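**Student:** Supplied in structure tokens, the structure appears directly below.
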Amino acid sequence: MKIHILLADDHTILRAGLKMMLNAQPDMEVVGEAQGGRQAITEAQRLHPDIVLMDITMPDLSGIEATRQIKKVLPDVKVLVLTMHENDEYVFQALRAGASGYMLKEAADTELITALHVVHDGHFYLSPTAQSVMVGDYLQRVHSGEEKDSYSNLTEREREILKLVAEGYTNNQIAERLVISPKTVDTHRTHIMDKLNLHSRAELVKYAMRRGLLED
């Protein structure tokens with residue numbers, strides 16, 4: 001079964017190049033295109049793609065806001081941000097909006113296929129540049145005293161669940177893997193969020209990446 005992809009970018013030539021590259025993959029198919037954020041939302045609702053490949057800077061509505069709105073109405077549709085911006089705030093905004101990945105256009109020829117497979121499998125993909133941004137942010141927070149690391153307060157089971165959640169597993173999948181009930185997983189997740197002062201899955205993933213929990 002092919003991975004269905006919606007391309008959202010205001011550059012016609014870039015879309016054409018991406019479409020050619022992706023359709024050449026045996027397990028991928030570009031099912032639609034959008035040249036603006038609003039059109040991306042409309043087409044996502046019409047086509048229900050597996051992944052939206054989303055630019056950030058578009059004329060009518062930013063890719064970040066489009067991502068937020070798509071995830072609100074279509075939580076199962078994944079969004080991979082493909083942008084020219086290395087700005088750290090864009091990385092964090094994209095993750096907060098619900099994106100499953102962030103990578104730079106300059107690396108599209110070498111990283112994109114891998115990134116799409118990772119995101120399609122339910123995991124998060126961050127380009128090396130985006131990962132560097134996160135590590136830099138973490139170090140800055142450590143030096144300023146803003147980062148109060150409560151990881152040591154987590155139990156072994158909580159650390160295990162934190163890693164699995166960050167890797168993209170659902171409560172039911174974690175429950176099955178650890179032979180516990182989904183309700184127990186949910187309770188552990190609540191405790192983890194409270195102990196680490198995190199408020200969303202995006203923040204949890206960001207934390208796990210800073211801790212190096214996803215490197216194994």
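**Student:** Regarding S100, is this residue in contact with a Leu (Cβ under 7 Å, 6 or more places away or on another chain) and of a type in the set (G, A, S)?
**Tutor:** Here the answer is yes, as S100 does meet what is asked.
**Student:** Moving to a separate point now. Confirm whether S150 is more than 19 Å from the chain's Cα centre (by Cα) and modelled with pLDDT under 85.
**Tutor:** Considered against the rule, which asks whether it is more than 19 Å from the chain's Cα centre (by Cα) and modelled with pLDDT under 85, S150 comes out as yes.
**Student:** Tell me which residues, restricted to segment 23-36, are surrounded by 18 or more Cβ atoms within 10 Å (Cβ to Cβ) and touching a residue at least 40 places away in the same chain (Cβ under 8 Å).
**Tutor:** Result: M28, single match.
**Student:** A further question on this structure: When residues of segment 106-119 are filtered for being surrounded by fewer than 20 Cβ atoms within 10 Å (Cβ to Cβ) and either of a type outside the set (D, E, K, R) or under 22 Å from K71 (Cβ atoms) (or both), how many remain?
**Tutor:** Of the residues in that region, 7 qualify.
Per-residue answers, yes or no, for (1) at pLDDT below 80; (2) of a type in the set (S, T, N, Q); (3) within 19 Å of the chain's Cα centre (by Cα):
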residue: A99; (1), (2), (3): no, no, yes
residue: L126; (1), (2), (3): no, no, yes
residue: R157; (1), (2), (3): no, no, no
residue: E160; (1), (2), (3): no, no, no
residue: T190; (1), (2), (3): no, yes, no
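**Student:** In segment 1-59, which residues are under 18 Å from the mean Cα position of the chain (by Cα) and β-branched (V, I, T)?
**Tutor:** Answer for segment 1-59, where residues must be under 18 Å from the mean Cα position of the chain (by Cα) and β-branched (V, I, T): I3, I5, I41, I51, V52, I56, T57.
The values are calculated or read from the model by the stated rules, or taken from the named source; none is laboratory data. Remember, predicted model here, so these are calculated numbers, not experimental data. In this analysis, Cβ positions are derived from the backbone assuming ideal geometry, glycine residues included, and neighbour counts consider all displayed protein chains.
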